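Input: a single structure, listed below in structure tokens.
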Amino acid sequence: MIKKVDIKHIIEHLYKQFVLLIIDLIEIYRLTTLKQEDMTIKSVWLDESEEECICCGGCEAICPEVFQVPVKMQVKRDVDYNLYEEGIKEAAQDCPTGTIKYDCSGKS
């Protein structure tokens, strides 16, 4: 026997589920945004444990304030890496050998 369905009850249930989903999405967005804002670049280095730097100069072209390639890529010291976060991340992403690494840690 088919049970009669109360449309009003179904709509109320779906509405409550929808509201809970929106609340969860807002919280996820808030936590993600806070996490990204609280991250700072603490260090940048050349990791040649798997591949070697091919000295293409791409990192220096993207972010000369942090990288230099006289013979092999070097990370400049005494630089506030946070000022050049976008350039560091772009250089690491575009590095053909993947040897540019950086450490993001929470703000103290």
Checklist entry - Does at least one position in the range 30-39 carry a residue that is under 30 Å from G98 (Cα atoms), in contact with a Lys or Arg (Cβ under 8 Å, 6 or more places away or on another chain) and modelled with pLDDT of 90 or more? => result no
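Kindly indicate whether Q74 is free of Cβ contacts under 8 Å to residues at least 12 places away in the same chain, in the same structural domain as C56 (by TED's automatic domain parsing), surrounded by fewer than 17 Cβ atoms within 10 Å (Cβ to Cβ) and not small (G, A, S).
For Q74, the condition - free of Cβ contacts under 8 Å to residues at least 12 places away in the same chain, in the same structural domain as C56 (by TED's automatic domain parsing), surrounded by fewer than 17 Cβ atoms within 10 Å (Cβ to Cβ) and not small (G, A, S) - is not met.
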Item to check | Residue, modelled with the lowest pLDDT, within the range 54-92, restricted to residues that are touching a helix residue (DSSP H, G or I) at 6+ places or on another chain (Cβ under 9 Å) and part of a loop (DSSP other than H, G, I, E, B) | outcome: M73
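The values are calculated or read from the model by the stated rules, or taken from the named source; none is laboratory data. Computed from a predicted structure; not experimentally measured. Using ideal geometry, Cβ is built from the backbone for each residue, glycine included, and neighbour counts are taken over all protein chains shown.
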